[in-house]
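Engineer: Sharing a structure below in structure tokens format, with a few things to ask.
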């Protein structure tokens, strides 16, 4: 059975910063381009949920038997994120195998490697692999300008695949080049030329030559190479050294999103797939304490992703984030004055007990009279039937704004504006939460909005997640 | 039958405002001793007490009242019913006397909002740790305003102008109420220029957060004349509790609240009122936000559905209009110490109907039936009380 990529999804935050906004704040000259900025209510988990759910365009949820999560910046040092992401995606309860991959920017392709082996060993078993990062660099460092926040996901399995994964290779390599100590907020790195020459260029050169040799391929037989890198110059230099022409180098969104850590390789793969014809070969090499490499071949099925332009859809619907001061506050580098305290206590027990409501975003449909309500209600609001209902998933729905208020004093002191929003679906079922990632002038009664998984607060010393609403950004999933 | 069987024979109301120098005990003493003196009784004459308070730290039950007023040994029941707590204490006191369990009951509400350390009522409502973690009072009531404008075809600017007229009216009334929190005359222009709190509501669309207390002594009407010559009679009351989150109710339309409709209809039925617009001489309603007062006009039958605008523009609810509303400045200017408000509103009716208002300039002539009302939420609970000076 062919094993390969069955679906993909990405998530690029709504906000980006012009790199000049940062360099001018420091009165220095910096590179041009943009870096993606996760909103203050986002983290790598919420971005991963977005990217993972984007995969359900080309594959059914019920096909997913494993979920791997890769990140170097996950919120918990101890406690798995993959289980949380699986529940937020509303995958089948308990039976999905989940695992987290971490510690290296190569973690995403590490998970990909394991997913390929799992598929080969288990009759094409499908694994959703999602990589998400929002790394922090010292203020005024050059990495502060280049690191960007993003997530991307691939579904690996057998059968009708968009691209086969024809071969892979991995090597490990010990070097202290880029690292972050436990407890550090910012990445550290060695001297520039050492990091590039003795780290990235040496190891990547070695694995690219090795995988070409292993599968008896010439550079000219490859349509695109995906070389995630700290900067586009390094990727170009590597390509040249390995015999590839500049036009063979796939953009991994370094200029428009930035260096997105574990997600960068996936964004490059997805970009290459979006441009691929059946038969096109893609070489991927990913770096971090060694390297992973893959050879992919687009199949005829690649035609079904035509017209989706997933990357462009996100790039084309973004908003500039102008304030460096607010950026520092959002990243808790220079936290702004706290607002008034929230009046609700956090409860680990309640968070566990209500996960179908708050993490899966389930409502209930009465088995007696068919009435629907959100969230799950044990007693039917219409006919009074008790405990006779089925749960339904609201997180895929596009609903319409019924009423709203731009509430200036319900947020944080650094970003007080949010929109209290009530929406209505085609059944007349109402939903209430707050809107995020909006352009306030565009908000109106009757507009379409979609749900987005977000961090509400960190009371109780853990991130408390729920869903918000936002103007449409992703592919429409469902309406009622 | 309850109508006219119960009477208010004494009332007191503390000065509302930022009472930095006072704690809850001081506010309780200020309101209660005025009521005792008014009724010609002492604290030992009270047989049962109903205490309204929403914000006291920790669970305090009725002990603040017992300790401040040395009323140890009698039942003192604390209730927390959002902004309707004061009314519910009053109605509980009425029901206690009506049941025959006691002859003299006291309702007292007190709140120290200015001890919280922040403005407003805070962020977060309900029981879920996440679903309502960013819910606020202005952001919730504002949802009614946006929907009302959309339903009746008002532009944002037209809607804001209309709401501003309610705020201007209540500020003008508050100027004449010495115990009110705010004394400031404002114009429609001031309202429109004020900072936005939660669209479409600006600063002047929102009531004050105040400290305050108010108290009432209830007895049987057949005993009332032994306390005073001009008791005020209980004509009717109604309470309706609704969802903590009507936000989720299918087809809920936000321009009308079931709790408002039902609570007023119950009170009208008990009081024998058929045409509230004509029969009620003055009303103190829950103007926590300007939009709330407007929605109440329609749900209480003061204005036909969708026609509040015409009445507001005609000045129907001003002091000289057909149905004066919030003649003491309302929550808007008198202030809103949550648990005290329902009793404070009833205090205004009591003094108006006795012709004993503290500032003669706001004394209404020929008023016989008054309605007071509080609304917690939105719109979890609504409570209405109707009183009169004639049997």
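The values are calculated or read from the model by the stated rules, or taken from the named source; none is laboratory data. What you see is a predicted model, and the numbers here were worked out from it, not measured in a lab. Ideal geometry is used to build each Cβ from the backbone, glycine not excepted, and the neighbour counts take in all protein chains shown.
Engineer: Are any of the residues in segment A:188-209 over 28 Å from the mean Cα position of the chain (by Cα), in contact (Cβ under 8 Å) with a residue 60 or more places away in the chain and part of a loop (DSSP other than H, G, I, E, B)?
Structural biologist: Taking every residue of segment A:188-209 in turn, none turns out to be over 28 Å from the mean Cα position of the chain (by Cα), in contact (Cβ under 8 Å) with a residue 60 or more places away in the chain and part of a loop (DSSP other than H, G, I, E, B).
One line per residue, one yes/no per condition, for (1) in contact with a helix residue (DSSP H, G or I) (Cβ under 8 Å, 6 or more places away or on another chain); (2) assigned by TED's automatic domain parsing to the domain that holds residue A:92; (3) crowded, with 19+ Cβ neighbours inside 10 Å:
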| site | (1), (2), (3) |
| --- | --- |
| A:346 | yes, no, yes |
| A:352 | no, no, no |
| A:356 | no, no, no |
| A:359 | yes, no, yes |
| A:363 | no, no, yes |
| A:372 | no, no, yes |
| A:377 | no, no, no |
| A:381 | no, no, no |
| A:384 | no, no, no |
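Engineer: Give the number of residues within segment A:105-159 that are more than 30 Å from residue A:333 (Cα to Cα) and part of a loop (DSSP other than H, G, I, E, B).
Structural biologist: 5
Engineer: Test residue B:73 against the stated conditions and say whether it is closer than 16 Å to residue B:102 by Cβ and surrounded by fewer than 15 Cβ atoms within 10 Å (Cβ to Cβ).
Structural biologist: yes
Engineer: Give the residues of segment B:203-237 that are farther than 23 Å from residue B:371 by Cβ, in a helix (DSSP H, G or I) and more than 14 Å from chain A (Cβ to nearest Cβ), sorted by residue number.
Structural biologist: B:204, B:222, B:223
Engineer: Name the residues in segment B:54-84 that are at pLDDT below 95 and in a helix (DSSP H, G or I), would you?
Structural biologist: None; the set is empty.
Conditions (1) touching a residue at least 24 places away in the same chain (Cβ under 8 Å); (2) surrounded by 20 or more Cβ atoms within 10 Å (Cβ to Cβ); (3) more than 18 Å from residue A:132 (Cβ to Cβ); (4) out of contact with any helix residue (DSSP H, G or I) (no Cβ under 7 Å at 6 or more places or on another chain), marked per residue:
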position	(1), (2), (3), (4)
A:53	yes, yes, no, yes
A:57	yes, no, yes, yes
A:61	yes, no, yes, yes
A:64	yes, yes, no, yes
A:70	yes, yes, no, no
A:94	no, no, yes, yes
A:99	yes, no, no, no
A:111	yes, yes, no, yes
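Engineer: I'd like to check which strands (runs of 3 or more DSSP E) are fully inside segment A:336-444 and have at least 1 residues that are more than 11 Å from chain B (Cβ to nearest Cβ). Please lay out each step first, then the result.
Structural biologist: Numbers: elements: A:362-366, A:389-393, A:398-407, A:418-424, A:430-435.
Those strands (runs of 3 or more DSSP E) span A:362-366, A:389-393, A:398-407.
Engineer: For segment A:277-298, how many residues are in a loop (DSSP other than H, G, I, E, B) and out of contact with any strand residue (DSSP E or B) (no Cβ under 6 Å at 6 or more places or on another chain)?
Structural biologist: 4
Engineer: Taking residue B:51, is it on the phi < 0 side of the Ramachandran plot, touching a residue at least 24 places away in the same chain (Cβ under 8 Å) and assigned to a strand (DSSP E or B)? Spell out the reasoning first.
Structural biologist: On the way: on the phi < 0 side of the Ramachandran plot: yes; touching a residue at least 24 places away in the same chain (Cβ under 8 Å): yes; assigned to a strand (DSSP E or B): yes.
Yes: the conditions hold for residue B:51.
Engineer: Same structure again: Which ones in segment A:311-322 are part of a loop (DSSP other than H, G, I, E, B) and without any contact (Cβ under 8 Å) to a residue 24 or more places away in the chain?
Structural biologist: Hit for segment A:311-322 is A:316, nothing else.
Engineer: Just checking, does segment A:470-480 include any residue being touching a strand residue (DSSP E or B) at 6+ places or on another chain (Cβ under 8 Å) and within 11 Å of chain B (Cβ to nearest Cβ)?
Structural biologist: Within segment A:470-480 (the criterion being touching a strand residue (DSSP E or B) at 6+ places or on another chain (Cβ under 8 Å) and within 11 Å of chain B (Cβ to nearest Cβ)), the answer is no, since none of the residues qualifies.
Engineer: Let me ask another. Among residues belonging to segment B:191-221 that are touching a residue at least 24 places away in the same chain (Cβ under 8 Å) and more than 30 Å from residue B:30 (Cβ to Cβ), point out the one that is surrounded by the fewest Cβ atoms within 10 Å (Cβ to Cβ).
Structural biologist: B:192
Engineer: Assess whether residue B:377 counts as being at pLDDT below 95 and crowded, with 24+ Cβ neighbours inside 10 Å. So that I can check it myself, show each step before the final result.
Structural biologist: Details: at pLDDT below 95: yes; crowded, with 24+ Cβ neighbours inside 10 Å: yes.
Taking the combined requirement at face value, the residue satisfies it.
Engineer: Within segment B:269-296, work out how many residues are within 23 Å of residue B:365 (Cβ to Cβ) and either modelled with pLDDT under 95 or in contact with a helix residue (DSSP H, G or I) (Cβ under 7 Å, 6 or more places away or on another chain) (or both). Walk me through it before giving the result.
Structural biologist: First, pick out the residues of segment B:269-296 that are within 23 Å of residue B:365 (Cβ to Cβ): B:271, B:273, B:275-285.
Okay, now just the ones that are also either modelled with pLDDT under 95 or in contact with a helix residue (DSSP H, G or I) (Cβ under 7 Å, 6 or more places away or on another chain) (or both), so B:273, B:276, B:282, B:284-285.
Adding up the residues that qualify gives 5.
Engineer: Could you tell me whether any residue of segment B:238-256 is in a loop (DSSP other than H, G, I, E, B), more than 14 Å from every other protein chain (Cβ to nearest Cβ) and at pLDDT 95 or above?
Structural biologist: No - not one qualifying residue is present in segment B:238-256.
Engineer: Can you name the condition, by its number, that residue B:247 falls short on among (1) within 17 Å of the chain's Cα centre (by Cα); (2) crowded, with 22+ Cβ neighbours inside 10 Å?
Structural biologist: (1)
Engineer: Condition test on residue A:315, is it modelled with pLDDT of 95 or more, in contact with a strand residue (DSSP E or B) (Cβ under 6 Å, 6 or more places away or on another chain) and more than 9 Å from chain B (Cβ to nearest Cβ)?
Structural biologist: no
Engineer: Among the residues of segment A:212-222, count how many are buried (at least 19 other Cβ atoms within 10 Å of the Cβ) and in contact with a strand residue (DSSP E or B) (Cβ under 6 Å, 6 or more places away or on another chain). Break it down stepwise before answering.
Structural biologist: Looking only at segment A:212-222, we keep the residues that are buried (at least 19 other Cβ atoms within 10 Å of the Cβ), and these are A:212, A:222.
Right, trim to in contact with a strand residue (DSSP E or B) (Cβ under 6 Å, 6 or more places away or on another chain) and you get A:222.
The qualifying residues number 1.
Engineer: Among the helices (runs of 4 or more DSSP H) contained in segment B:85-190, which hold 1 or more residues that are touching a helix residue (DSSP H, G or I) at 6+ places or on another chain (Cβ under 7 Å) and within 14 Å of chain A (Cβ to nearest Cβ)?
Structural biologist: Helices (runs of 4 or more DSSP H) meeting the threshold: B:137-152, B:156-174.
Engineer: Follow-up. Exactly one condition in (1) under 21 Å from the mean Cα position of the chain (by Cα); (2) more than 14 Å from chain A (Cβ to nearest Cβ) is false for residue B:193; which is it?
Structural biologist: It fails just one condition, (1).
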